[in-house]
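Peer 1: Sharing a structure, written as structure tokens. Questions coming.
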Amino acid sequence: MMNMTPNSLLQTQELNTWYGAAHILFDVSLQVQRGEVVALMGRNGAGKSTTLKAIMGMMTKRSGQVSFLNRDISHAEPYQVARQGLGYVPEDRRIFRELTVLENLRVGRQPARLFPDGTPAPLWTHEKLFKLFPNLGEMQDRAGGRMSGGEQQMLTVARTLMSNPLVVLLDEPSEGVAPLIVEQMADMILALKAEGVSILLSEQNLHFAQWVADRAYILEKGQIRHEAPMQDLLDDEEVQRNYLSV
């Protein structure tokens, strides 16, 4: 059983998932604290994206426990999880291609939230998001389908923030986007952290992860093989070679 800290917002304990008969995750236990960026790292196929989907309730067959804000959400539907303040940014973006940037953002709007200690969580508006993502502000009337992949990625993140989440699950934000967009993604993550929002980041790019993350869990074949503060991981060439190198 994992020891929980008072500031933990999200925890999994012995999380297992299956695709049909194939067992994918094996007893994955992790936690994310308030204002913390945690990188979930590993090679392609290690189970990073599956872990995020399992936390959100998107895996039909799973066991173990998922707790959010000290509530058991192990059997909640994805929309119920989202309403409680857990945001999810999928790798494949899933924007509304026929809607404009501004319309996409309005679709994601949810009420203001409080942290467990009663303090207000960050309140996101489209004006505030346009300061964080200036590119979106310059194209707020453009249809989502007429944007580049990196711009769509920014829009997906911004739409998720319109729900005023306390924790964001962010799946491979640096994958396949231009360096300028990657830099803006990093700035966004650090801005969220400064406001007390937590992020569980699925990422295989160590350079990007070291830029933003406080701690890292490393997955291999659906199992957590290593956990460490990010600086310790950077100093451990053997762990990098064994679990992160191609």
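Peer 1: Restricting to segment 183-205, name every residue that is outside any helix (DSSP H, G or I) and of a type outside the set (Asp, Glu).
Peer 2: Gly196, Val197, Ser198, Ile199, Leu200, Leu201, Ser202, Gln204, Asn205
Peer 1: Which residues, counting only those in segment 214-223, are over 14 Å from Gln31 (Cβ atoms) and surrounded by 20 or more Cβ atoms within 10 Å (Cβ to Cβ)? Full working, then the answer.
Peer 2: Applying the first criterion (over 14 Å from Gln31 (Cβ atoms)) to segment 214-223 yields 218-223.
Answer for segment 214-223, where residues must be over 14 Å from Gln31 (Cβ atoms) and surrounded by 20 or more Cβ atoms within 10 Å (Cβ to Cβ): Ile218, Leu219, Gly222.
Peer 1: Which condition breaks for Pro116 when tested against (1) more than 20 Å from Leu200 (Cα to Cα); (2) in contact (Cβ under 8 Å) with a residue 24 or more places away in the chain; (3) surrounded by fewer than 17 Cβ atoms within 10 Å (Cβ to Cβ); (4) not charged (D, E, K, R)?
Peer 2: (1)
Peer 1: Does segment 156-179 include one or more residues that are without any contact (Cβ under 8 Å) to a residue 40 or more places away in the chain, basic (Lys, Arg) and assigned to a helix (DSSP H, G or I)?
Peer 2: No, because not a single residue in segment 156-179 is without any contact (Cβ under 8 Å) to a residue 40 or more places away in the chain, basic (Lys, Arg) and assigned to a helix (DSSP H, G or I).
Peer 1: Taking segment 46-61, which residues are outside any helix (DSSP H, G or I) and within 21 Å of Asp92 (Cβ to Cβ)? Show your work before the answer.
Peer 2: Of segment 46-61, the ones outside any helix (DSSP H, G or I) are 46-47, 56-61.
Within segment 46-61, Ala46, Gly47, Met56, Gly57, Met58, Met59, Thr60 qualify.
Peer 1: Something else about it: Identify, by number, the condition in (1) in contact (Cβ under 8 Å) with a residue 60 or more places away in the chain; (2) farther than 29 Å from Leu99 by Cβ; (3) acidic (Asp, Glu) that Glu237 doesn't meet.
Peer 2: (1)
Peer 1: Could you figure out which of (1) in a strand (DSSP E or B); (2) within 26 Å of Asn242 (Cβ to Cβ); (3) of a type in the set (S, T, N, Q) isn't true of Gln65?
Peer 2: Only one criterion is unmet by Gln65, namely (2).
Peer 1: Taking the condition of being surrounded by 19 or more Cβ atoms within 10 Å (Cβ to Cβ), in contact with a Leu (Cβ under 8 Å, 6 or more places away or on another chain) and touching a residue at least 24 places away in the same chain (Cβ under 8 Å), how many residues in segment 68-92 meet it? Give the steps one after another, and end with the answer.
Peer 2: The first filter runs over segment 68-92 and keeps only residues surrounded by 19 or more Cβ atoms within 10 Å (Cβ to Cβ), leaving 68, 73, 81-82, 85-89.
Still in the list and also in contact with a Leu (Cβ under 8 Å, 6 or more places away or on another chain): 68, 73, 85-89.
From the residues that got through so far, the ones that are touching a residue at least 24 places away in the same chain (Cβ under 8 Å) too are 68, 85-89.
Within segment 68-92, residues that are surrounded by 19 or more Cβ atoms within 10 Å (Cβ to Cβ), in contact with a Leu (Cβ under 8 Å, 6 or more places away or on another chain) and touching a residue at least 24 places away in the same chain (Cβ under 8 Å) number 6.
Peer 1: Give the residues of segment 93-104 that are over 14 Å from Met139 (Cβ atoms) and crowded, with 17+ Cβ neighbours inside 10 Å, sorted by residue number.
Peer 2: Passing the criteria: only Arg93.
Peer 1: Related question: Within segment 224-238, which residues are surrounded by fewer than 18 Cβ atoms within 10 Å (Cβ to Cβ), among the aliphatic types (A, V, I, L, M) and part of a helix (DSSP H, G or I)?
Peer 2: The one that is surrounded by fewer than 18 Cβ atoms within 10 Å (Cβ to Cβ), among the aliphatic types (A, V, I, L, M) and part of a helix (DSSP H, G or I): Leu234.
Peer 1: Please go through segment 1-17 and give me each residue that is surrounded by fewer than 16 Cβ atoms within 10 Å (Cβ to Cβ) and part of a strand (DSSP E or B), ordered by number.
Peer 2: Once the filter is applied, which keeps residues that are surrounded by fewer than 16 Cβ atoms within 10 Å (Cβ to Cβ) and part of a strand (DSSP E or B), segment 1-17 yields only Glu14.
Peer 1: Run Ser202 past the list (1) out of contact with any Phe, Trp or Tyr (no Cβ under 8 Å at 6 or more places or on another chain); (2) surrounded by fewer than 22 Cβ atoms within 10 Å (Cβ to Cβ); (3) under 12 Å from Gly42 (Cβ atoms) and report the number of the one that doesn't hold.
Peer 2: Here Ser202 clears every test but (2).
Peer 1: Okay, moving on. Any residue at all in segment 20-28 that is over 28 Å from Asp187 (Cβ atoms), without any contact (Cβ under 8 Å) to a residue 60 or more places away in the chain, surrounded by fewer than 20 Cβ atoms within 10 Å (Cβ to Cβ) and among the aliphatic types (A, V, I, L, M)?
Peer 2: Yes, segment 20-28 contains at least one residue that is over 28 Å from Asp187 (Cβ atoms), without any contact (Cβ under 8 Å) to a residue 60 or more places away in the chain, surrounded by fewer than 20 Cβ atoms within 10 Å (Cβ to Cβ) and among the aliphatic types (A, V, I, L, M).
Read the figures in this text as sums done on the coordinates, not as results from a lab. Just so it is clear, the structure is predicted and the values come from calculations on it, not from any experiment. Backbone-built Cβ (ideal geometry, glycine too); neighbour counts: all protein chains shown.
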